[in-house]
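Asks: Questions regarding the structure given below will be posed in turn.
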């Protein structure tokens, strides 16, 4: 069951996750989170799939997953995004998602990440605008 936690709770849960990690992964997740908010102050934080931080704006922008050796940012529609800086380094084979695996000593290009986040938001906004149903025209055919 996909249950979304209320925004206030989600932000608190993300804070707690960062604190609980207590190592480079927590610091990296906190830094990435700050960059995401700098790129879009209106970003919505969610907590889905039993403990995954999700950042959304008119749809999922990216998730912030933590594993033993990496912090992974998975962009829901990453395959449709231009990545001129070459940040995507994981999940490159798929038709939809792309990811950035961040290792302990990796240096992140903050400006390039902000651009990628903004592009993902623009794609979400454009996709939502295109998918709105058009009002039906009244039929001019009169019976008779």
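Asks: Could you check the simple spin-label distance between residue 13 and residue 48, using points 7 Å along Cα→Cβ, in nm with one decimal?
Replies: Distance between the two pseudo-spin positions: 1.2 nm.
Asks: Using a 10 Å cut-off on Cβ atoms, rank the peptides 56-66, 75-85, 110-120 from the highest mean neighbour count down.
Replies: Going from most to least packed, we get 56-66, 110-120, 75-85.
Asks: First measure r as the distance between the Cβ atoms of residue 109 and residue 40, then evaluate 1/(1 + (r/R0)^6) with R0 = 22 Å and state the FRET efficiency to the nearest 0.05.
Replies: 0.80
Asks: Which order do 73, 123 fall in if you start with the one that has the fewest other Cβ atoms within 10 Å?
Replies: So the residues, fewest neighbours to most, are 123, 73.
Asks: With labels modelled as points extended 7 Å from the Cα through the Cβ direction, what inter-label distance (nm, one decimal) is found for residue 72 paired with residue 126?
Replies: 2.7 nm
Asks: On average, how much area does the Cα convex hull of segment 7-125 cover when viewed from any direction, in nm²?
Replies: Spelled out: convex hull of the Cα atoms, projected over all directions, averaged, 6.9 nm².
Asks: What relative contact order, as a whole-number percentage, does segment 7-125 give when Cα pairs under 8 Å and 6 or more residues apart are counted?
Replies: Relative contact order comes out at 22 percent.
Computed from the coordinates by the stated procedures, all read-outs in this text should not be read as laboratory data. Remember, it's a predicted structure, so these values are computed and weren't measured experimentally. Neighbour counts run over all protein chains shown; Cβ positions are idealised from the backbone, glycine included.
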